[in-house]
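Q: This structure is in structure tokens; I'll ask about it shortly.
Every number here is computed from the coordinates shown, using simple stated rules; none is lab data. All values reported here derive from a predicted model rather than from experimental measurement. FYI the Cβ positions are ideal-geometry reconstructions off the backbone, even for glycines, and counts take in every protein chain you see.
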Amino acid sequence: MTSVRLHVPDEPVARAAEWRDALRRGVPVDDVVLGWDGVAEWFWSRWRSLERHGVDHGAFVEIGRGHARELALWLRGERPYRAAAASFAGRLERRVPQAALRVPTPTSPRRVLARAG
């Protein structure tokens, strides 16, 4: 498997202001960072090349869950953006081989029965 190198996108200044506002309004950190319109989704839209290396959206979110605290610290102004984004990219780069080896969830009853039998 080839190694993955992710770029650090420019800081999403306008979106970050929206996410910070959501935190101030009491929206749970997990919703802001991991929700459908959150920080992780923003990164996913920029790092879709991970799919070519076997990382699907579900694996990406799980890896992002492990980095949610760092991303939340950036939103709270306790970490610089570039540091938080670069460390997230590094976490993903290191985990690509493991994420690609995940066994997909069976989609048909026949596959489930074949495994059980």
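Q: Which ³J(HN,Hα) values in Hz, rounded to whole numbers, follow from the phi angles of the stretch 23-38 under the Karplus curve 6.51 cos²θ - 1.76 cosθ + 1.60, where θ = phi - 60° and Gly and Pro get x?
A: So the Karplus estimates, Gly and Pro as x, are 4, 4, 7, x, 5, x, 3, 4, 5, 6, 7, 10, x, 4, 10, x Hz.
Q: For ARG94 and ALA17, what does the FRET efficiency come to when R0 = 25 Å and r is the distance between their Cβ atoms, rounded to the nearest 0.05?
A: Working: r = 30 Å, r/R0 = 1.22.
Once rounded, the FRET efficiency stands at 0.25.
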